[in-house]
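Before any comments, here is the structure.
The values are calculated or read from the model by the stated rules, or taken from the named source; none is laboratory data. All values reported here derive from a predicted model rather than from experimental measurement. Glycine also receives a Cβ, built like all others from the backbone with ideal geometry; neighbour counts cover every protein chain displayed. Calculation scope for accessible area: heavy atoms of the full protein, side chains included, ligands and nucleic acids excluded. Shrake-Rupley method; radii C 1.70, N 1.55, O 1.52, S 1.80 Å.
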Amino acid sequence: GAMGRSGVCVAFLLLAVVSCACVPPVAGADGNHGSYEQTDSFQTRSALGRSDAASDDGFRTHTNSVSTNDDRTPGVRALLKTTKQNTKARPDFNEGVYRTKGDVFDEVKAIVSANPHTMRLDTVQSTRGGYSSELVVVTVELGGLSEDDADEQGPPGREGGGVGVHNEAGARVGDARGSNAERSNNLPNTKKKIEKTRVLYNYGEHGRELITVEVAVDLLRAFALGLEHAAQLAHPDSSRSVGQTVKALVATVFKIVPMENVNGRELVEKGDFCERKNGRGVDCNRNWEVDWGVKAPDYDPSEEYPGTGPFSEPEAFMMRALLEEFNPHVWVNVHSGMEALFMPFDHKPVEPVGEGADAMRQILHKINSQSCGDRCVVGG
């Protein structure tokens, strides 16, 4: 089933959290803090970087410290052209291989509903230029939802604990909590206010990347089974490491976007199996402000059309709003298509420099060794 295919990916995601939690705060090369320390840089930057600039290319983590060397040299993008594109693949939605969009969200809502003490679901809608989409965001705190997340009276400008979206038409339209108040997952006492590590995972940015959405659902399933189970996925052979992982998970708040590009996913399920873009033909991953409209030598407008302007699309617009409000220490953008662990920025042939970047690189190499059998491409 799906867990057999994506269990390794779930273990990787948990291992990433533990590794990041163990990295001390460091400063980036430009004087700004790296991804492992709380910083206001996500909120104050006028141009949030797009999540990548390669096609269907593995896992990415993000930092704010990048090299100023812009010499153009061949990078890992070249690997994407080493195999001939398969245009005859047919995903199977009938035999339990992949869930449909409807089944995905039914299961996500069921998982959240069964775990009211540790999970909350918010749905945001946005319309840009007459085109609408929605974003489902699941908040997970395995040590128990904090008072800020549990309080239905959110700050001005939003209802409850949802994501505030301000545009032509954007509003939080739902808050799903479970009614099973007796299930506690043996939660530790976390009433004492602590500053938690904030981690954002987003999946399904491209419609055709079906396996990434399955990983998101399996990750939520793993979280639903409690702290010990989730910790053992990351470190199945070491009781000491499991204990450290439990502590890291208790001190972390997750925001999980199981399927960013819901309209593109609908096109795939209707038979356009290789569709990457959103419901009106824009690549959500090219709709960010940094280097918007810059065309790589292998630019393909049928694959990478960036839209009429930065954040013209509701998908990218809502993701930016989520980033600005949540201000994550770690952002992992999950794609499929090759075995790779990428650092920012994928559209440049140079890697970030500085202590924060060095720590990130060490984490990725460790993950590659423990979870990928050293098969993954690692770097920028």
Give all pairs with beta carbons closer than 6 Å in which a residue from segment 210-233 that is without any contact (Cβ under 8 Å) to a residue 60 or more places away in the chain meets a residue that is of a type outside the set (S, T, Y) and open to solvent by 10 Å² or more (accessible area, probe 1.4 Å); count only pairs at least 6 apart in sequence or on separate chains.
Q232/V242
Tell me whether segment 329-347 contains one or more residues that are among the charged types (D, E, K, R) and either touching an Asp or Glu at 6+ places or on another chain (Cβ under 7 Å) or over 28 Å from E275 (Cβ atoms) (or both).
yes
Exception for N333 within (1) of a type outside the set (V, I, T); (2) part of a loop (DSSP other than H, G, I, E, B); (3) in contact with a His (Cβ under 9 Å, 6 or more places away or on another chain) falls at (2)
Here the residues within segment 220-267 that are over 26 Å from S371 (Cβ atoms) and either open to solvent by 10 Å² or more (accessible area, probe 1.4 Å) or out of contact with any Cys (no Cβ under 8 Å at 6 or more places or on another chain) (or both) are V262, N263, R265, E266, L267
So if I check each of E351, E339, which one is in contact with a Gly (Cβ under 6 Å, 6 or more places away or on another chain) and either open to solvent by 60 Å² or more (accessible area, probe 1.4 Å) or acidic (D, E) (or both)?
E351
I need a count of the residues in segment 121-147 that are under 20 Å from T308 (Cβ atoms) and buried (at least 23 other Cβ atoms within 10 Å of the Cβ).
3
Which helices (runs of 4 or more DSSP H) does segment 211-324 wholly contain that include 2 or more residues that are in contact with a Gly (Cβ under 9 Å, 6 or more places away or on another chain) and of a type in the set (V, I, T)?
262-269
Just to be sure I understand the filter: pairs with C-beta atoms under 7 Å, separated by 6 or more residues or on different chains, first member in segment 291-304 and surrounded by 12 or more Cβ atoms within 10 Å (Cβ to Cβ), second member among the basic types (K, R). Which pairs pass?
E303/R276; E304/R286
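Residue-wise test of (1) aromatic (F, W, Y); (2) modelled with pLDDT under 95; (3) within 27 Å of P349 (Cα to Cα); (4) within 12 Å of the chain's Cα centre (by Cα).
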residue: P306; (1), (2), (3), (4): no, no, yes, no
residue: M318; (1), (2), (3), (4): no, no, no, no
residue: L322; (1), (2), (3), (4): no, no, no, yes
residue: P328; (1), (2), (3), (4): no, no, yes, yes
residue: G337; (1), (2), (3), (4): no, yes, yes, no
Taking segment 336-360 and keeping residues under 22 Å from Y203 (Cα atoms) and not in a strand (DSSP E or B) leaves S336, G337, M338, E339, M343, P344, F345, D346, H347, M360
Pairing a residue in segment 276-288 that is touching a residue at least 12 places away in the same chain (Cβ under 8 Å) with any residue that is open to solvent by less than 10 Å² (accessible area, probe 1.4 Å) and of a type in the set (S, T, Y), where Cβ atoms lie under 6 Å and the two sit 6 or more apart in sequence or on different chains, gives N285/S51
Answer yes if at least one residue in segment 281-289 is of a type in the set (G, A, S) and farther than 25 Å from G309 by Cα, and no otherwise.
no
